[in-house]
Amino acid sequence: MLDPRLIRGAGVGALVLAVMQIVGNALHPPLPGDPTQAMPIIAQTTLWNIVHLDIAVSYVLFIPFVIGAAASFTNNSPLVRIGTPLIIVAAAIGLAQILTHLTMFKYLADTYVATSDPALRQNIVFLYNVLWPYAVALEVAHLLVIDVAGVMFGIAMLDEALYPQWVGQLGAAGGIIAAVGLLAGKFGFGGTQRGDVIFGVTLIPLVIWIIATGIVLLRADLEPSGALGSRESGGDAAKLGTPLSPT
């Protein structure tokens, strides 16, 4: 049974979260690995709080997006059944991780810039060095899970009549590219501007896939009791913009 409101809500969520991710990541300043250089940037970035609130809300929107997208599948794909909770958990971890930038690291940075006490500054740098690796670990973990789940959804779309083949292929390829770029940017070039560029650029195909998925979900002609079917079961007639009727 298909729920048009749930599926179209997922389409809206996909487009909004994609825009928010683009804006948030574009406005987020690159941070050097040296805390004494990074904290002044954090403290002096006027839009720091707004940027991280934007990204935090985008993670919340991942939940209705993936639930509604999963509801559009009628082939009972195990990849979707596994990928859905993976993205929900990853979104929760991503939300927790980005809030550390909004609260904990912002507080350390503001305190560091505001004081001239060498001992206090040394203690703040120590705390930053202790906490930062955990934040990076959370970041890599949740993004890697989202990338892998994107691959799973992309592969599942190849057998679902609602989605054009290129959308599934883009999801599978985009997830792989994003995962490779994440690991290369964070570990191969960690703490450098080149690493941030690699990380950001390799996210583009996956973001485009999210947008494409949202458009498909919004434009699909769904009947509440309809079933789309898989390509193998004759569901190829249920293409984008074509009325769908119960099987």
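The values are calculated or read from the model by the stated rules, or taken from the named source; none is laboratory data. This is a predicted model, so every value here is computed, not measured. Quick reminder, even Gly has a Cβ in these numbers, built from the backbone with ideal geometry, and neighbours come from all protein chains shown. What goes into the accessible areas is simple: the full protein's heavy atoms, side chains included, and nothing from ligands, DNA or RNA. Shrake-Rupley method; radii C 1.70, N 1.55, O 1.52, S 1.80 Å.
Table for the structure above
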read-out	value
Subset of the range 65-83 (residues that are touching a residue at least 24 places away in the same chain (Cβ under 8 Å) and surrounded by fewer than 22 Cβ atoms within 10 Å (Cβ to Cβ))	Ile67, Ala71, Thr74, Asn75, Ser77, Leu79, Ile82
Failed item, numbered, when Ile88 is tested on (1) within 20 Å of Leu183 (Cα to Cα); (2) under 14 Å from the mean Cα position of the chain (by Cα); (3) surrounded by fewer than 18 Cβ atoms within 10 Å (Cβ to Cβ)	(1)
Whichever residue in the range 1-25 is of a type in the set (A, V, I, L, M, F, W, C) and either part of a loop (DSSP other than H, G, I, E, B) or free of Cβ contacts under 8 Å to residues at least 40 places away in the same chain (or both) and, among such residues, is surrounded by the most Cβ atoms within 10 Å (Cβ to Cβ)	Leu2
Matching residues in the range 56-101 - criterion: being within 14 Å of Gly154 (Cα to Cα), at pLDDT below 95 and hydroxyl-bearing (Ser, Thr, Tyr)	Ser72, Ser77
Conditions (1) closer than 25 Å to Ile215 by Cα; (2) surrounded by fewer than 21 Cβ atoms within 10 Å (Cβ to Cβ); number of the one not met by Phe62	(2)
Hits in the range 34-93 - residues which are of a type in the set (Ser, Thr, Tyr) and either in contact with a Lys or Arg (Cβ under 8 Å, 6 or more places away or on another chain) or part of a helix (DSSP H, G or I) (or both)	Thr36, Ser58, Tyr59, Thr84
Cβ pairs under 9 Å, 6+ apart, first in the range 131-157 and open to solvent by 30 Å² or more (accessible area, probe 1.4 Å), second part of a helix (DSSP H, G or I) and among the basic types (Lys, Arg)	Val136/Lys186; Glu139/Lys186
Leading residue by the ranking (surrounded by the fewest Cβ atoms within 10 Å (Cβ to Cβ)) among those in the range 158-181 that are touching a Phe, Trp or Tyr at 6+ places or on another chain (Cβ under 6 Å) and assigned to a helix (DSSP H, G or I)	Leu170
